[in-house]
Every structure is written in structure tokens, then in C-alpha cells.
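For reference, the structure discussed in these notes is given below.
The values are calculated or read from the model by the stated rules, or taken from the named source; none is laboratory data. Given the structure is predicted, the values throughout are model-derived calculations rather than measurements. Cβ placement follows ideal geometry from the backbone for every residue including glycine, while neighbour counts extend to all protein chains displayed.
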Amino acid sequence: MARATGPERRLLAIYTGGTIGMRSEGGVLIPGKGLAAILRTLYLFHDEEYARAHGLPEDLLVLPPASPDQRIIYKVLECQPLFDSSDMTITEWVQIAQIIEKHYAQYQGFVVIHGTDTMAFAASVLSFMLENLQKPIILTGAQVPIHALWNDGRENLLGALLMAGQYIIPEVCLFFQNQLFRGNRTTKVDARRFAAFCSPNLPPLATVGADVTINQELVRKVSGKDQLVVHSNMECNVGLLRLYPGISASLVRAFLQPPLKGVVMETFGSGNGPTKPDLLQELRAAAEQGLVIVNCTHCLQGTVTSDYASGMGMAGAGIVSGFDMTSEAALAKLSYVLGQPGLSLGDRKELLAKDLRGEMTVPRAEEDRSSLQGSRVAWLLSLNSSQEANDMQDILMPSLVLAAAHAGDLNTLQALEELGRDLRLEDCSGQTPLHVAARRGHAAVVTMLLQKGVDVNAQNEDGHSPLLLAVRGRHQSVIGLLRAAGASLSPQELEDVGTELCRLASRADSEGLQAWWQAGADLEQLGYDGHCALQVAEAAGNSDVVALLQSFQGRVGTQPQAP
Ligand SMILES: NC(=O)C[C@H](N)C(=O)O
């Protein structure tokens, strides 16, 4: 973390509300206007003499000298209306991000004065909305109003201004009680004590005592050239579901209904949950219908693993591990990832599995698994001199090929193919590399495998073809590639498609319906109760889906082939 230089540092303090500026009315605290006026009267927050001597405009405040050769000059931008943060939503946080975007060039840092109740959510959302940050954005607030005699607001706000003014921290942070945290790692843990926040799975970026101690290696590095990108398109239909002992399948089903598009599921311990088949079936069905589920532990510390039989892996491959993310960060990430336009379901899950803004610790083994290049492959391929080595290659090769297909690792597949390895190998469950690549939506790998002449309609042990897996993953480009290569759904795969289409229609899942149509399914097939998807969509009032289905009517067999 570089120390900021220059005689003047300009900051924008965006005041959104919260206890820090509240006043008492009728015995309760309500957001209070005029924070800048209060700060102007406090010497620690404004050096009037300096302001006059330097002819600073009326709306600027200046801190007393923090170092002999530097002044921090700031402006308080008061939002209208001011909020108790319990009332804030993604809409307000998008507005804050847009304010930052508008003033980004003018200021060297930003402080967001915010209520504490939802501050961890706000910090998490802002961290995903603001990509390629080169300047500090520091959220702070208080447990007690700043004008009270005994309060934490003064210390917190002054600390946030000093950190934003004196250091170049290219992150969304939260400053509270002398600690600077990465914002998307925080959670509020105390309703009354001044130490209201903690960062359970990442140490603070900085700690203030007699000295300011910076945890250099934790601070994210600035990438010099990249422009700030503000992602305002955040998906609001995301939710949080906390599992508890005895939770019923019907309750889970009720919660997972449209318009919900993604859910953070808080599970027990290291990512475990009840193994009741009906509950798992609900989760599996929802995931298959395209609902994105992120598994986070409801423990304050620790990470989701796959150590137990009761792990959520039981519910199927549809559930993404949130590792050690807080629920606040997971919800924000889900909202960001689902809000990104033009991505397939597989792409979205891949993004969720990555550490995007320092919000989670991905175990090293996971990272390694996603890229097979490097020492292990090189080692394996170098073993070509002895019979023993050949035997070893024969044993390991199918899983290596499948793992490369899973990771979308085209280079490794090409290397293996050049060495004469058979890309049509299947594993013990009949899964071919094409199945795996189709399921994950890796269009480049699918193209390469098709060019090598693999069987486009190969069936795995469950009788599933690569096309069906691509449909389930809603990977439209892959569906197009497979269809162009002659793939078609088998009568067995189409057996109960009517019921599935009705479910998709009831969930307003246009993407899912489109995938089936593209794969050649007849969308007029009736479900188990004799209704078709169009009737279900009409009854549910899903007008977009009705329009989509009507546009497909009478077009069976005319679906586009390769893109
Ligand atoms: N301490 C606080 O700021 C709590 C307040 N209810 C808020 O979140 O706005």
C-alpha cells in the first residue's frame, strides 16, 4: 500500500445516513440532516484558519495537518433522502456507485458514511460494482451519533478520512474501531459495542494504534492501465436461505420459486445439510432449472469443504461452493454475476467459483484443478521410457483428459491429442470428454472434440447425451455446435419433457425453454397433468414467456443449427 504524496489530497465524503448523524425525535433516532455543518464546528474535522487563508470554497472542509506537508480537503455530499441503513437496497447502492463514478476523476479517495446495520452488505455490493479501482473507497459509520458526548462516530470518520487521504488502497474497505477491513470480508457482529464489525476470514488490511500498521501483502495490487468500470446492472432477485435442523422440503420449495434467480444457502459447519431425499430433490430440481445456489457456512469462521457425506455435494453438481465467503459477500456476488448480460449458466457458475475481488479464499487444490498445464502434465507426459510409465499413463489418461475437458483447458487437450491420446475415452460412468465439456459450456473444447470426430450422441451410464447436459446448463452456443454436428435428443431424454417445460414456464425461465427449443424439443408437449407450457405460462401471467412460446409455435424442426 503506497503512501499518498502531494500537498493536498481531495476526498469526497458521501453521507447516506445512519446513526452517526442521527438525532432523537419522539424518543427514537431518525436520520439527521446537516452533517457537514456539525463537522465544520469541530476543530478535528475542520481547520477554518487554513480554509480562509487559502480561500477554499464554502462547501469544502479541511482536516488539521496530519503531516507537516499535506492537507486533506474534503467535501460532504449529503444524499436525499437520508436512510437508516435498514431501508437501503441494491438500488441505493447502485446510486452510490454512480456518484463515485461521476466524481471519480476529481477526487483521490471516497468515504461513504453509512448506517452500520447493512454496511457489510453495502461494502460487498460496492466491491463487485466497482471494477478496476485505483482509489480507496472507505465505508464508515457509528454506533452512537457524532454529536453525543461519548461516541464512536468522530474516531471512525476521522480514521476513514485519514486512511483514504493518506494511503492508496485500491479497494472498497470498511473502517471501524481503528481497523481497516476489506469491505466484502466483513460482517456486523455486535449491536451495541463500538467494535461492531469483524472480518472473520481475513485479517484487517490496516490497524491503527500509536502507529498505523499496514498488512501490505493483503492489499490488492492496482493494475495501472485499467479504467474504472461500474457494473450497475445488479440482479435483485437473489435470496438468502438459512438451513436449520428439520427444515422441510416444502418450505425450501416455496422459497426457491420464481422470480428468484439465485440463492445463498447458509449451511451447517463446513457446508453440510440434512440428507433427506425430498429436500435434496428440491435443491437438485431447482439447480437443474437454472437457479444458482451458493453454499456458504453459517459459521462465522471457516470454509465450505466436501469432507462429509452430508455435504451439499449430495444435492448434485448444481451447487457452487462459497468457500469462506460471508453471506453478505455471497449475496452481493450472486447479484453481480447474475446481473452480467450475455453469460451462459455455466459461465456464471465459473465466475462464482472464482475469487473476483478478494472476497473468498479458493483452496489451492481447486485452483490447480482448473488448470492442468504445468508440472503434473509435463511430468506424466515425460514418463515415456518404461513399460511401467506407459501403464501409469494408461491408468491416468482418461481422468486427465476428462479433467482437461472439465476445466476447458484446450491447450492440454491439444497436447494430449498430439501425443496420440484418444479423446474418446470414457470414465467408469460412461462420461466422455464431450459430455463434460458440454455440461460446463466450453464451446472451444466442444468444437475441438467434434473436429476430432468424437461420437456426438454418446450416452453415459444414465442414458444422457452431451446435448441434454448442454440443455440443462443452458449453454446455447454449445447446443448450436452439437446440433450442427448431428446431435439430437433421444426418445428417452424427451420422455417427460412436457412436464419439465411446464415447470420452466411456471418459473418464467425463458433461458431454459429456449435451450430445449434450440435442442429440437417440441415445446407443445403436454405435461403430466395434460397442460402445455404455454397454458402454464398464461395461467401464471408470465407474459414474456407466453410471447416467447408463441414465437416458437409451429416452428418445430426449424431451430437454428450452428451459430
Ligand atoms: N448504528 C447504525 O448506524 C444503525 C442504524 N440503524 C443504521 O444502520 O442506519
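Among the residues of region 101-140, the ones that are within 13 Å of the ligand (Cβ to nearest atom) and part of a loop (DSSP other than H, G, I, E, B) come to 5 in all.
Among the residues of region 1-35, those that are over 35 Å from the mean Cα position of the chain (by Cα) and of a type outside the set (Val, Ile, Thr) comprise Gly6, Pro7, Glu8, Arg23, Ser24, Glu25, Gly26, Gly27, Gly34.
Listed by first and then second residue, the pairs with beta-carbon distance under 8 Å, at least 6 apart or on different chains, first residue in region 8-24 and touching a residue at least 60 places away in the same chain (Cβ under 8 Å) and part of a strand (DSSP E or B), second among the aromatic types (Phe, Trp, Tyr) and within 16 Å of the ligand (Cβ to nearest atom), are Thr16/Phe83; Gly17/Phe83. None of Arg3, Arg9, Arg52 is out of contact with any Pro (no Cβ under 8 Å at 6 or more places or on another chain), over 20 Å from Gly141 (Cβ atoms) and surrounded by 17 or more Cβ atoms within 10 Å (Cβ to Cβ) except Arg9. Of the residues making up region 86-142, those that are without any contact (Cβ under 8 Å) to a residue 60 or more places away in the chain and either touching a Pro at 6+ places or on another chain (Cβ under 8 Å) or among the basic types (Lys, Arg) (or both) are Lys102, Lys135, Pro136.
How many residues are assigned to a helix (DSSP H, G or I) and more than 16 Å from Gly159 (Cα to Cα) when one looks only at region 25-55? Total satisfying the criteria: 11.
Hey, which of the strands (runs of 3 or more DSSP E) in region 228-332, taking only ones fully inside, have at least 2 residues that are modelled with pLDDT of 95 or more and farther than 18 Å from Glu359 by Cβ?
It comes to 238-242.
Residues that are more than 10 Å from the ligand (Cβ to nearest atom) and within 20 Å of the chain's Cα centre (by Cα) within region 80-100 comprise Thr89, Ile90, Thr91, Glu92, Trp93, Val94, Gln95, Ile96, Ala97, Gln98, listed in sequence order.
Residues checked against (1) closer than 28 Å to Leu549 by Cβ; (2) surrounded by 22 or more Cβ atoms within 10 Å (Cβ to Cβ):
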| position | (1), (2) |
| --- | --- |
| Glu417 | no, no |
| Arg424 | no, no |
| Thr432 | no, yes |
| His475 | yes, yes |
| Leu481 | yes, yes |
| Glu495 | yes, no |
| Leu501 | yes, yes |
| Leu504 | yes, yes |
